[in-house]
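The values are calculated or read from the model by the stated rules, or taken from the named source; none is laboratory data. What you are looking at is a predicted structure, and each value in this text was computed from that prediction instead of being measured. Please note: Cβ atoms are built from the backbone with ideal geometry, for glycine as well, and neighbour counts cover all protein chains shown. Heads up: the accessible areas ignore ligands, DNA and RNA and are worked out on the full protein's heavy atoms, side chains in. Shrake-Rupley method; radii C 1.70, N 1.55, O 1.52, S 1.80 Å.
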Amino acid sequence: MGKIVALAVARDLWLHAHCDEAALEALYAHDPKVKVIWAHSGFSTRPEAIAGYLARHPTLIGELSYRYDITQDGRLAPAWQSLFARFPDRFVIGSDTWVNQRWVQYGEIMAWYRGWLAQLPGDTARRIAFANAAGLFAAPPVR
């Protein structure tokens, strides 16, 4: 893993890590400059813990597919609302279409995102919905 982290840092690449908290910390132990998109923001990691990882690792981005705990009874959960307010530029949505059924459900998945994104301030919602992701992979200026 150290060679992969070194390559990613040397070439300014993002790693998309499907991992638990211990493995996330191991990636950063190899090189604190590594850039990581954390699949599912840890899948079951509590928002308060995610805040700690984001605070410690400025190159960490939380991806939000399969994070159905973001809402409670259709409303944005207070812990997530607080997390998004604190780190509006550190999250991206995702569909994780790893099986055909996820493609069939794609419209529902996006509708669910739109539902809770609408409960956020406009600029925060725009960032999480698309602007943060677009910024991660923007082409560098031509010289």
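Tabulated data
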read-out: Residue 126 vs. criteria of a type outside the set (Phe, Trp, Tyr), part of a helix (DSSP H, G or I), touching an Asp or Glu at 6+ places or on another chain (Cβ under 8 Å) and over 21 Å from residue 48 (Cα atoms); value: no
read-out: Residues located in region 1-15, provided they are part of a helix (DSSP H, G or I) and free of Cβ contacts under 8 Å to residues at least 24 places away in the same chain; value: 3, 4, 7, 10
read-out: Residue in region 19-30 that is among the charged types (D, E, K, R) and touching a Ser or Thr at 6+ places or on another chain (Cβ under 7 Å) present; value: yes
read-out: Close pairs from region 103-124: first open to solvent by less than 40 Å² (accessible area, probe 1.4 Å), partner among the aliphatic types (A, V, I, L, M) and in a helix (DSSP H, G or I), Cβ under 6 Å, at least 6 apart; value: 116/70; 117/125; 117/129
read-out: Any hit, region 135-142, residues being of a type outside the set (Gly, Ala, Ser), under 21 Å from residue 51 (Cα atoms), open to solvent by 90 Å² or more (accessible area, probe 1.4 Å) and part of a helix (DSSP H, G or I); value: no
read-out: Residues located in region 99-143, provided they are at pLDDT 95 or above and among the β-branched types (Val, Ile, Thr); value: 124, 128
read-out: Any hit, region 59-80, residues being aromatic (Phe, Trp, Tyr), in a helix (DSSP H, G or I), open to solvent by 50 Å² or more (accessible area, probe 1.4 Å) and more than 26 Å from residue 2 (Cα to Cα); value: yes
read-out: Of residues in region 16-58 being closer than 22 Å to residue 78 by Cβ and in a loop (DSSP other than H, G, I, E, B), the one least open to solvent (accessible area, probe 1.4 Å); value: 45
